[in-house]
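K.L.:
Please find one structure pasted underneath; my questions will follow.
The values are calculated or read from the model by the stated rules, or taken from the named source; none is laboratory data. Please read all numbers here as calculations on a predicted model, not as lab measurements. Cβ placement follows ideal geometry from the backbone for every residue including glycine, while neighbour counts extend to all protein chains displayed.
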Amino acid sequence: MFFYLLDILGTMAFAISGVLTALNKKMDPFGVFVIAFVTAVGGGTLRDVLIGRTPVGWMQDLNYVYVITAGFVLAIIFRKKLDKLRTSLFFFDTIGLGVFTLIGLEKGMDVNLHPVICIALGTMTACFGGVTRDILCNQIPVVFRREIYATICILGGGVFFLLKALDVSNGLLYILTSGVIIIVRLMAVMFKWSLPSLGKN
Amino acid sequence: MFFYLLDILGTMAFAISGVLTALNKKMDPFGVFVIAFVTAVGGGTLRDVLIGRTPVGWMQDLNYVYVITAGFVLAIIFRKKLDKLRTSLFFFDTIGLGVFTLIGLEKGMDVNLHPVICIALGTMTACFGGVTRDILCNQIPVVFRREIYATICILGGGVFFLLKALDVSNGLLYILTSGVIIIVRLMAVMFKWSLPSLGKN
Amino acid sequence: MFFYLLDILGTMAFAISGVLTALNKKMDPFGVFVIAFVTAVGGGTLRDVLIGRTPVGWMQDLNYVYVITAGFVLAIIFRKKLDKLRTSLFFFDTIGLGVFTLIGLEKGMDVNLHPVICIALGTMTACFGGVTRDILCNQIPVVFRREIYATICILGGGVFFLLKALDVSNGLLYILTSGVIIIVRLMAVMFKWSLPSLGKN
């Protein structure tokens, strides 16, 4: 239940980040809504399609549609004030990162995939909504160029399977994995960690 | 039967619109054909993939392949004269909008999805071929920026479920829904209706 | 077994071509890896999703992940020397073209699709990894603009079904089809064959 609440919080944060990107591209309300939607559920949708879990998740739980719609409306109304909420938004977005990774790991294990593939699915769930958003906005995905965003999901996935091998109980496993992701992400932004660009220099 | 014919007409109109976009990007014949193809069946393909209806539609009815190929060949041959056919093309495209929305609504109901999701599937069927075309042509999807194209599909979906709740017979339901979509679309273009851009102004 | 080895060689060549494209876009290591990955398995992944063969191929055989990772690491280390290996890389890439087309044809027949659709699936398997790579790198897919790359896959598919109709044995069928694709591709590049652009001139 508490976990579901975090999922919902993260979904809203992702939707709002979608609205912000779309507003910079001068889209009409339909365009902005679609971008908000794919940012929030795009990663999970790709994951579900690739593992054959259809109809995909958001079609079976309308709460996602409602939360995204609410995030969309709020972000439009308060669009001039969102700068002041930057810190809260960043915090919810980070919660989303942790929770979405966990959900992806879980769905992979549900269909008995190898840990390496599960980690890929966790990272995909957390990061590919943003990738789809950027593709639809005609820009190179941010996650391919800056910050160690995706790398943190991969790290979190590694921690998950390490703890699992140590027979850590499920509840603790979830808290520790998402905790690691959230804390490393906060530190990464605080200390401006990043991977080097691999240009042909 | 009559409905299938309209579907085929709409498919050809969508394919021709794909050819026109691709020609502006200096693509070779393969590129132009692929763009024509995804413009025509991309929306339905995405819908089928998301609800798990595979192999997707056009793989099971070769008529789509034939019609798109015919549209492709005709559009290439008459590419210098298509401007004069602009009105007919627009009319067939509008028929496509109505018919594709209906087909999407229907496929959603076939797998018992909620009306809200069915409306999303109808809109997706009608609009995401064009979105995929624009992504492959490296431009921000037109439907996210101009005209109330997608909004009309959503409206049509609403009308569909309203009439259904009133126990309107199936035949009438189909005619009225696609009629509403087609007429509103014609009026929207005639009177230049559009949604405001949501830039950060 | 020998065929599987060629598949692996082709996969590595495709991954390296992905690394080269991504390096030109100043991506970070995660971005470069994702581009390498989708270039190598993107075509087969799209094919699997469209025909409903899920979880998709690379999730069920970790060798693809290992080979792509190896290709990624090698390409990064030797990135300044890859120009000198251009000929070998081109040769492996061409092997990939032949083998991937065959695999796509085969998967289509496995689910009893019409030869026309199987040829589309073969072409998709060989070419859409590169299309996805280009979309993620925010450029119009190369295969839509230059060289008769995809056309050769279609030709190879035609040869396959022609020989099959003549009751050629399976082994010979595979060798001849991939042989035709590889030889025509080599000749196409040697003699600079290309399709004309279809601009509105």
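K.L.:
Which residues, taken from the stretch C:45-62, are closer than 21 Å to C:L9 by Cα and more than 17 Å from the chain's Cα centre (by Cα)? Walk me through it before giving the result.
P.N.:
Step one: list which residues in the stretch C:45-62 are closer than 21 Å to C:L9 by Cα, which gives C:45-48, C:56-62.
Those that are closer than 21 Å to C:L9 by Cα and more than 17 Å from the chain's Cα centre (by Cα): C:M59, C:Q60, C:D61, C:L62.
K.L.:
In the stretch A:70-110, which residues are within 18 Å of A:M124 (Cα to Cα) and of a type in the set (G, A, S)? Steps first, answer last, please.
P.N.:
Step one: of the stretch A:70-110, the residues within 18 Å of A:M124 (Cα to Cα) are A:93-110.
Across the stretch A:70-110, the qualifying residues are A:G96, A:G98, A:G104, A:G108.
K.L.:
Related question: Answer with yes or no whether C:L121 is more than 26 Å from C:F33 (Cβ to Cβ) and modelled with pLDDT under 95. Reasoning before the result, please.
P.N.:
Numbers: more than 26 Å from C:F33 (Cβ to Cβ): yes; modelled with pLDDT under 95: no.
No; evaluated as a whole, the condition is false for this residue.
K.L.:
Quick one: would you say B:V99 is more than 11 Å from every other protein chain (Cβ to nearest Cβ), surrounded by 21 or more Cβ atoms within 10 Å (Cβ to Cβ) and farther than 24 Å from C:G52 by Cα?
P.N.:
yes
K.L.:
Moving on to the next point. Provide a single number: the residues in the stretch A:84-120 that are under 10 Å from the mean Cα position of the chain (by Cα) and more than 19 Å from A:L9 (Cβ to Cβ).
P.N.:
Final tally of qualifying residues: 0.
K.L.:
Right, something else. Identify all residues within the stretch C:6-35 that are more than 16 Å from C:L62 (Cα to Cα) and among the acidic types (D, E); write none if there are none.
P.N.:
Answer for the stretch C:6-35, where residues must be more than 16 Å from C:L62 (Cα to Cα) and among the acidic types (D, E): just C:D28.
K.L.:
Let me ask something else. So which pairs qualify, if the first residue must be in the stretch B:187-199 and without any contact (Cβ under 8 Å) to a residue 60 or more places away in the chain and more than 12 Å from chain A (Cβ to nearest Cβ), the second must be assigned to a loop (DSSP other than H, G, I, E, B) and surrounded by 15 or more Cβ atoms within 10 Å (Cβ to Cβ), the Cβ gap must be under 7 Å, and the two must be at least 6 apart or on different chains?
P.N.:
What qualifies is B:A188/B:E147; B:A188/B:I148.
K.L.:
Tell me, please, whether a residue that is under 29 Å from C:K26 (Cβ atoms) and under 14 Å from the mean Cα position of the chain (by Cα) can be found in the stretch C:156-176. Break it down into steps so the answer makes sense when it comes.
P.N.:
From the stretch C:156-176, those under 29 Å from C:K26 (Cβ atoms) are none; that's our starting set.
No, every residue in the stretch C:156-176 fails to be under 29 Å from C:K26 (Cβ atoms) and under 14 Å from the mean Cα position of the chain (by Cα).
K.L.:
Now a separate question. Please tell me if B:L74 is under 19 Å from the mean Cα position of the chain (by Cα) and at pLDDT below 95.
P.N.:
Values: under 19 Å from the mean Cα position of the chain (by Cα): no; at pLDDT below 95: yes.
The answer is no for B:L74.
K.L.:
Kindly list the number of the only condition in (1) more than 23 Å from C:R47 (Cβ to Cβ); (2) surrounded by fewer than 24 Cβ atoms within 10 Å (Cβ to Cβ); (3) free of Cβ contacts under 8 Å to residues at least 40 places away in the same chain; (4) at the interface with another protein chain (Cβ under 9 Å from one of its Cβ atoms) that fails for A:I117.
P.N.:
The number of the failed condition is (1).
K.L.:
Do you know which residues across the stretch A:182-201 are farther than 26 Å from C:T21 by Cα and either buried (at least 20 other Cβ atoms within 10 Å of the Cβ) or of a type in the set (A, V, I, L, M, F, W, C) (or both)? If you could, list the steps in order and put the result at the bottom.
P.N.:
Step one: of the stretch A:182-201, the residues farther than 26 Å from C:T21 by Cα are A:182-192.
Listed by number, the residues that qualify are A:I182, A:I183, A:V184, A:R185, A:L186, A:M187, A:A188, A:V189, A:M190, A:F191.
K.L.:
Okay, next question. Could you check C:K107 against (1) buried (at least 17 other Cβ atoms within 10 Å of the Cβ); (2) out of contact with any Phe, Trp or Tyr (no Cβ under 6 Å at 6 or more places or on another chain); (3) within 8 Å of another protein chain (Cβ to nearest Cβ) and say which number it fails?
P.N.:
With (1) buried (at least 17 other Cβ atoms within 10 Å of the Cβ); (2) out of contact with any Phe, Trp or Tyr (no Cβ under 6 Å at 6 or more places or on another chain); (3) within 8 Å of another protein chain (Cβ to nearest Cβ) applied to C:K107, the lone miss is (3).
K.L.:
Going through C:G171, C:G156, C:G179 one at a time, which residue ends up being more than 10 Å from every other protein chain (Cβ to nearest Cβ) and either crowded, with 20+ Cβ neighbours inside 10 Å or touching an Asp or Glu at 6+ places or on another chain (Cβ under 6 Å) (or both)?
P.N.:
Values: C:G171 fails: either crowded, with 20+ Cβ neighbours inside 10 Å or touching an Asp or Glu at 6+ places or on another chain (Cβ under 6 Å) (or both); C:G179 fails: either crowded, with 20+ Cβ neighbours inside 10 Å or touching an Asp or Glu at 6+ places or on another chain (Cβ under 6 Å) (or both).
C:G156 is the lone residue from the list that is more than 10 Å from every other protein chain (Cβ to nearest Cβ) and either crowded, with 20+ Cβ neighbours inside 10 Å or touching an Asp or Glu at 6+ places or on another chain (Cβ under 6 Å) (or both).
K.L.:
Within the stretch B:120-136, which residues are crowded, with 20+ Cβ neighbours inside 10 Å and within 10 Å of chain A (Cβ to nearest Cβ)? Working first, answer last.
P.N.:
Taking the stretch B:120-136 as the starting set, the residues that turn out to be crowded, with 20+ Cβ neighbours inside 10 Å are B:120-134, B:136.
Correct list: B:A120, B:L121, B:T123, B:M124, B:C127, B:F128, B:V131, B:D134.
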